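The values are calculated or read from the model by the stated rules, or taken from the named source; none is laboratory data. Computed from a predicted model, the values in this text were never measured in an experiment. Ideal geometry is used to build each Cβ from the backbone, glycine not excepted, and the neighbour counts take in all protein chains shown. Accessible surface is based on the protein model in full, side chains and every heavy atom, while ligands, DNA and RNA are left aside. Shrake-Rupley method; radii C 1.70, N 1.55, O 1.52, S 1.80 Å.
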Amino acid sequence: MKEAEMGIPHLFRCPISLDLLTDPVTLSTGQTYDRSSIEKWLNLGNQTCPVTMQKLQDSSLVPNHTLRHLIDQWLQTGHQTNNNHNRIIDPDPSIVALKHNLESHVSTLEIKIQTLETIQVLSDELPSRKSCLIQLGFFPLLLELLFGEAQGEFSQENLEFLEKALVCALKLIPHCNLRPLNILKEESKLEHFLVLFNQGTITVKKSLCQIVEAISSSLETEELCAVFGKNQTLLKGMVFLLDQNNLGTSEFGIKAVSALCSLESNRGNLVREGVAERLITYIMTVERHERNVAPTAMTVVELLLGLESGKKAVIDHPNGVNALVKMVFRVSDHEGSESAVNALMILCSDSVQVREGVVCAGVLTQLLLLLQSQSSGRIKTKARRLLKLLRSMSHEDSTHYV
């Protein structure tokens, strides 16, 4: 991107025209546009916010005096602009045509699938092509196509369309404002998401897990993350994925669960749906030489142990303690070791029964191997603390019996 094209701050550009805002006005959705651009949009009969695609209950335009003042200050500091350099990129007519294909009710499903294949290729090409896709609003359009209306019967062609649309959306997500995902807070769109999650192909389920990860990673979609964390149907679907390691879905399910755990209020619901037990089972059954996400699973278990219900779920599981001990030292790497040691510290501090269990499970040998390994100094410090805790409590227990 040319230096001149980089000059205008992102917040000072109209999302529609991509020009410097001259008369910024704000919609009821909180999005700000240049007055002339948003008035043209509304005069065309559109009843949605161009960025978020939310329906406008109130189409009034409120002048954004604060932003206008900031732009004036910015211009007064010596920044100059003109109509030739305001625009980041001129829309490629061929890309505009692709958008028309997806929006058109006349286009057949076959044409739309071919269009998505082209978009996928463009997303992998020059950054300018990807920028053009984003600026023309392909991301909110893809979300609307995916979740805007019920898919009806899942024919092979329908499923192919959904899979390709999700791939395209995921390619754009790292470079997009994620606010358009908030359409999933609408009851009907969330319902369509859940239908896809429960009835879609394995590929669709994996892609939707990645969507959940993206939602959980942004402050712009924090409220939606909380909505997902309260949805029993979605959580049950994720638990089902954790059980399907032979189908290759466990990795995606665990990453999605880990993402939801970033919001503390979601953790209790995850425990109630049996996530802790599934993660323990995964850690115990996955082979060490396989590519796996056991360290991520261990990190989630550690977080769930912050709840009394999480502690109970792990302690009551027949292999709960064994799973934690197993993760203390791994020959191939030390990922997950710190979380395992932290988890054992939490449980051993509360329960004599757990202390006895971890010793019987071989934790002392695991800790000594960890101390002799190339792991970080921080992990070794925590391992020494756990050893000290076990030894001191062992001494107290023997004194008690004497």
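Okay, here's what the table says:
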| item | result |
| --- | --- |
| Lone unmet requirement of (1) open to solvent by 30 Å² or more (accessible area, probe 1.4 Å); (2) aliphatic (A, V, I, L, M); (3) within 26 Å of residue 32 (Cα to Cα) for residue 173 | (1) |
| Within the range 343-387, tally of residues that are more than 16 Å from residue 323 (Cβ to Cβ) and either touching a Lys or Arg at 6+ places or on another chain (Cβ under 6 Å) or basic (Lys, Arg) (or both) | 7 |
| Close pairs (8 angstrom Cβ cut-off, 6 or more residues apart or separate chains): closer than 17 Å to residue 36 by Cα in the range 61-73, among the polar types (S, T, N, Q) anywhere | 61/26; 62/26; 63/26; 64/26; 64/32; 67/32 |
| All positions within the range 103-115 that are within 16 Å of residue 143 (Cα to Cα) and touching a Phe, Trp or Tyr at 6+ places or on another chain (Cβ under 7 Å) | 112, 113 |
| Residue list for the range 307-333, filter: free of Cβ contacts under 8 Å to residues at least 40 places away in the same chain and surrounded by fewer than 23 Cβ atoms within 10 Å (Cβ to Cβ) | 308, 311, 312, 315, 316, 318, 319, 322, 333 |
| Test: residue in the range 330-349 that is more than 26 Å from residue 255 (Cβ to Cβ) and either at pLDDT below 95 or in contact with a helix residue (DSSP H, G or I) (Cβ under 8 Å, 6 or more places away or on another chain) (or both) | yes |
| Selection within the range 283-305 - part of a loop (DSSP other than H, G, I, E, B) and at pLDDT below 95 | 286, 287, 288, 289, 290, 291, 292, 293 |
| Any hit, the range 312-330, residues being more than 28 Å from residue 210 (Cα to Cα) and aromatic (Phe, Trp, Tyr) | yes |
| Among (1) within 22 Å of residue 105 (Cα to Cα); (2) among the charged types (D, E, K, R); (3) in contact with a His (Cβ under 9 Å, 6 or more places away or on another chain); (4) open to solvent by less than 60 Å² (accessible area, probe 1.4 Å), the one test that residue 130 misses | (1) |
| Criterion: open to solvent by less than 40 Å² (accessible area, probe 1.4 Å) and modelled with pLDDT under 95 - qualifying residue of 196, 166, 184, 208 | 196 |
| Residue match in the range 325-347 (condition: over 25 Å from residue 384 (Cβ atoms) and not small (Gly, Ala, Ser)) | no |
| Residue under evaluation residue 15, criteria (1) closer than 26 Å to residue 189 by Cα; (2) open to solvent by less than 20 Å² (accessible area, probe 1.4 Å); (3) assigned to a loop (DSSP other than H, G, I, E, B), criterion not met | (2) |
| Count of residues meeting criterion [surrounded by fewer than 23 Cβ atoms within 10 Å (Cβ to Cβ), of a type in the set (A, V, I, L, M) and over 16 Å from the mean Cα position of the chain (by Cα)] in the range 231-262 | 2 |
| So residue 265, is it open to solvent by 60 Å² or more (accessible area, probe 1.4 Å), in a helix (DSSP H, G or I) and modelled with pLDDT of 95 or more | yes |
| Some residue of the range 50-68 being at pLDDT below 85, open to solvent by 50 Å² or more (accessible area, probe 1.4 Å) and of a type in the set (A, V, I, L, M, F, W, C) | no |
| Residue 222 being within 23 Å of residue 178 (Cα to Cα) and not aliphatic (A, V, I, L, M) | yes |
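Yes/no matrix, rows are residues, columns are (1) closer than 19 Å to residue 243 by Cα; (2) in contact with a Phe, Trp or Tyr (Cβ under 9 Å, 6 or more places away or on another chain); (3) open to solvent by 10 Å² or more (accessible area, probe 1.4 Å):
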site	(1), (2), (3)
282	yes, no, yes
335	no, no, yes
341	no, no, no
352	no, no, yes
362	no, no, yes
367	no, yes, no
385	no, no, yes
389	no, no, yes
392	no, no, yes
